[in-house]
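Colleague: Here you go, one structure.
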Amino acid sequence: MNSVFRLTNVLDKEILQELINDFQENCTNTYPGRRFNVDINYAVKLLNPILKYSLPKNWIVDGGNYFETVVPYRLHCDTGKDRTKKLYYNIVIPLKLWYEDYNPNLNKLIITDQIWNGDAAFFVKGDNALPEYNICITDYEQVENKIEGIDNTLLELCTHLNPRNLEGFSIKKVIDWVPGDIIFFRRHYIHTTSNWRSAGVSQKLGLSLFTSLQ
Ligand SMILES: [Fe+2]
């Protein structure tokens with residue numbers, strides 16, 4: 001089983017629209033420029049026929065949220081807060097993109113080679129970032145699998161980040177962010193988006209589901 005993979009073109013327009021409507025029903029503005037909906041029950045039910053054949057083993061969805069944002073994300077890891085869980089895959093489902101003069105080469109989800117076994121976190125070395133649900137990690141001592149220096153491609157794709165955030169990080173996989181696709185990757189991988197604003201994208205809406213083994 002690949003630790004990172006993508007199913008392309010598996011959700012049709014009707015299912016995407018149903019999920020978008022579901023997001024709209026209970027979404028809240030938690031932070032400026034970002035809206036969330038943490039009620040994922042309907043989405044899990046709707047997607048189950050596809051998801052259950054995509055991941056083997058006995059797994060459950062134990063968290064997740066819809067997210068609508070006008071800002072690209074930073075390096076983070078969705079490991080939750082319960083260290084007794086057997087974390088499995090993170091499932092990212094792109095739902096909608098708003099864009100003008102679109103350059104798909106700059107709209108990516110980047111999975112790094114680096115691994116985190118602590119609580120859900122942002123990796124913000126060199127910044128004075130505020131924690132949200134995620135804690136802020138500025139000392140990368142506990143980040144596993146670090147490299148020396150900074151990966152140049154990562155620097156080029158992540159112009160929205162302080163380059164110091166990227167120290168020790170390298171790229172495992174760069175994935176297109178396309179509505180209709182479903183992206184799977186192991187939950188302990190630290191990941192980030194590219195600076196998709198430079199791709200002409202002004203806003204995006206997606207759904208994240210976090211799975212654990214039973
Ligand atoms: Fe994430």
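Values in this text are rule-based calculations from the coordinates and carry no lab data. Keep in mind the model is a prediction, meaning the values are calculated, not measured. Please note: Cβ atoms are built from the backbone with ideal geometry, for glycine as well, and neighbour counts cover all protein chains shown.
Colleague: Pull out the extension gain between D39 and N103, defined as 0.36 nm times the separation in residues minus the alpha carbon to alpha carbon distance; nm, one decimal. Numbers along the way, then the final one.
Modeller: Numbers: separation 64, 0.36 × 64 = 23.04 nm, distance 3.20 nm.
Between D39 and N103, full extension yields an extra 19.8 nm.
Colleague: Can you tell me which aspartates and glutamates have their Cα less than 20 Å from the Cα of K13? Leave out same-chain residues fewer than eight positions away.
Modeller: Those aspartates and glutamates meeting the cut-off are D22, E25, E68, D176, D181.
Colleague: How large is the dipole of the range 4-213 about the Cα centre if only Lys and Arg carry +1 and Asp and Glu carry -1, each at its Cβ, rounded to the nearest 20 debye?
Modeller: Numbers: 23 positive and 25 negative charges, 87 e Å.
The dipole magnitude comes to about 420 debye.
Colleague: Same structure, new question: Using the Cα atoms of the range 4-213, I'd like the radius of gyration and the largest Cα-Cα distance, Dmax, both in angstrom.
Modeller: Computed over the Cα atoms of the range 4-213, radius of gyration and Dmax are 16.3, 46 Å.
Colleague: Separate question: Among the listed pairs K85/K125; K45/K204; K81/K108; K86/K173, which are separated by more than 25 Å between their Cα atoms? Could the numbers behind the result be given before it?
Modeller: Details: K85/K125 27 Å; K45/K204 23 Å; K81/K108 27 Å; K86/K173 23 Å.
The pairs that break the limit, which is 25 Å between Cα atoms, are K85/K125; K81/K108.
Colleague: Of L109, C27, H188, whose Cα points farthest to the positive end of the dipole of the chain (charges on the beta-carbon: +1 Lys, Arg; -1 Asp, Glu; origin at the Cα centre)?
Modeller: The listed residue farthest towards the positive side: H188.
Colleague: Take every DSSP beta bridge with both residues inside the chain and express the antiparallel ones as a percent of the total, to the nearest 5. It would help to have the intermediate numbers written out before the result.
Modeller: Details: 48 of 52 bridges.
DSSP beta bridges in the chain are roughly 90 percent antiparallel.
Colleague: Provide the packing ranking of 160-173, 21-34, i.e. peptides ordered by the mean count of other C-beta atoms within 10 Å per residue, highest first.
Modeller: Numbers: 160-173: 18.7, 21-34: 13.1.
Taking the mean over residues of other Cβ atoms within 10 Å, the ranking is 160-173, 21-34.
Colleague: How would you classify the range 1-95 from its alpha-carbon gyration tensor, with a ≥ b ≥ c the square roots of the eigenvalues: rounded for a/c under 1.5, else prolate if a/b is greater than b/c, otherwise oblate?
Modeller: Details: a/c = 1.60, a/b = 1.16, b/c = 1.38.
Oblate shape, in that a/c is at least 1.5 and b/c is the bigger or equal ratio.
Colleague: Which of I93, G63, F123 sits farthest toward the positive end of the charge dipole of the range 54-185, with +1 on the Cβ of Lys and Arg and -1 on the Cβ of Asp and Glu?
Modeller: Value: G63.
Colleague: Pairs of Cα atoms under 8 Å, at least six residues apart: use those to get the relative contact order of the range 1-137, whole percent.
Modeller: Numbers: 101 pairs, mean separation 28.3, N = 137.
About 21 percent, as a whole number.
Colleague: At a Förster distance of 22 Å, what's the computed FRET efficiency of I60 paired with T153, Cβ-Cβ distance as r, to 0.05? All intermediate terms of the calculation are to be shown ahead of the outcome.
Modeller: On the way: r = 35 Å, r/R0 = 1.60.
Computed FRET efficiency for I60 and T153: 0.05.
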